Structure formats: structure tokens, C-alpha cells
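Notes for the one structure printed next.
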Amino acid sequence: MKKLILAFFFCIGLNAFAQSGAQVKDLFQKIKEQAKIDKNDRAVYEVLDEFYNKNLQAENDEMTPETIQRIEKMASDPNTKNLHILMLFLMYQQHISRTSMAGKAPDTEFQIETMNILENETREVYGKVPAIIYIYKAESLDGAGKKSEVKTVLDQGLKEYPDSVPLKVYTYLNTKDEVLKNDLVKNHPNHWMVQQFGIK
């Protein structure tokens, strides 16, 4: 299923693909100018949350073709409220997918800038930052070697999402906190990230 997700984001065909942090700011502003912003419409927030729950929080990948089709349908409908948030998220996913498929390291400047924009925009529109944004932001900062900033993001993320297994895993990997390790081993031994990072 992870290959299906990679293929989806690789093929989604976003017309605009920003290559750098500076470009993503400009592109986002253009997308936002065209967007219908509605603080009461939570459809995009819910799809980000669903993506997080099925792809990151679940023990195993639970993304379904139906979920992917729903995301694709929302992204292709110009009447989708808060489409600018979804489009930026998909641009990020596309960047990660393309670099992964090419065997290249992602551009951390692009990643960090994208996550900063998404964090600010989701907070402004929804009053809350989705868990997936904290996770991706921590990954981006970690890739850039910004360990103290990673800790800040993970701490904030865990305050808002104390049951987030990915946030717990990354926090453990950065702190080696035995209490956190014991929680992961006892309560989430089969989670794909616990397995992937060999937390025992």
C-alpha cells in the first residue's frame, strides 16, 4: 500500500512543483489567492487527519484506494474550501515521493519552509495544527540537523497529541527517554515505526 501512496503522489500531476523554500512561499501565495477560505469547513483538516491516522498512527498501513480517491477528488475540485492547504500538503508529499523514488535526499529548506507555512496556515484557519504537520516538521528539521528545534516541535506536538505513536517514537529517538521507550514497547510493539526503528 505504501507503494500505492508513493505512486499516487508521484502521479497526482500538480501543475506547480516548487523546488526551493523561496519558491514554495511564492507559489503558496498564488494558490492561496485563488482559494476559498472557510474557517468553518473542516473537510481538508479531516482528510489530513485521516491520512495521518491511516498512514502513520495505525499499526500497519491502512490507506485505502477510497481514501486516495477522496484526496484526489478534493484536490481536483476548485470549489474545495481551504484547497490551498491541501495543495501545499500534496506538493510536500510529491517532493518526498519524487526524491525517494529517485534515491535522492529531500531538500530540507523546501521541507522546513513548507511545514512552517502549513503549520501557520492550519493554525490560522482551523485553530489547531494537525498531528501530521508536527511529524513532518520534526522530520524536516531533523534532516537539516536542527536538533534543538526538533525537540521543541516534538514537545509541542506531544502536548497536543499525547497518544501519537509517531511523535512518541521520534521523541524517544531524540531523547532515549526510558519511560517513553517502555510505553512504546509495552503498548505499541507492533506499530510499524517501533518495528522499523528496532525499539525493544
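The values are calculated or read from the model by the stated rules, or taken from the named source; none is laboratory data. What you are looking at is a predicted structure, and each value in this text was computed from that prediction instead of being measured. In this analysis, Cβ positions are derived from the backbone assuming ideal geometry, glycine residues included, and neighbour counts consider all displayed protein chains.
Summary of values
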| item | result |
| --- | --- |
| Residue count, the range 47-86 (criterion: part of a loop (DSSP other than H, G, I, E, B) and either touching a Gly at 6+ places or on another chain (Cβ under 8 Å) or of a type in the set (Gly, Ala, Ser) (or both)) | 1 |
| Qualifying positions in the range 190-200 - surrounded by fewer than 12 Cβ atoms within 10 Å (Cβ to Cβ) and under 18 Å from Asn53 (Cα atoms) | Asn190, Gln196 |
| Restricting the range 23-38 to residues that are of a type outside the set (A, V, I, L, M, F, W, C) and touching a strand residue (DSSP E or B) at 6+ places or on another chain (Cβ under 9 Å), the residue that is nearest to Met91 (Cα to Cα) | Lys36 |
| Hits in the range 94-112 (condition: under 13 Å from the mean Cα position of the chain (by Cα) and over 22 Å from Tyr161 (Cα atoms)) | Gln94, His95, Ile96, Ser97 |
| Ile96, sole failed condition from (1) crowded, with 23+ Cβ neighbours inside 10 Å; (2) more than 14 Å from Asp49 (Cα to Cα); (3) of a type in the set (A, V, I, L, M, F, W, C) | (1) |
| Condition check for Ile112: part of a helix (DSSP H, G or I), among the hydrophobic types (A, V, I, L, M, F, W, C), touching a Phe, Trp or Tyr at 6+ places or on another chain (Cβ under 6 Å) and under 30 Å from Glu33 (Cβ atoms) | no |
| Matching option when the condition is small (Gly, Ala, Ser), surrounded by 18 or more Cβ atoms within 10 Å (Cβ to Cβ) and modelled with pLDDT under 95, among Ala75, Ala58 | Ala75 |
| Flag if Asp41 is assigned to a loop (DSSP other than H, G, I, E, B) and either closer than 21 Å to His191 by Cβ or touching a Ser or Thr at 6+ places or on another chain (Cβ under 7 Å) (or both) | no |
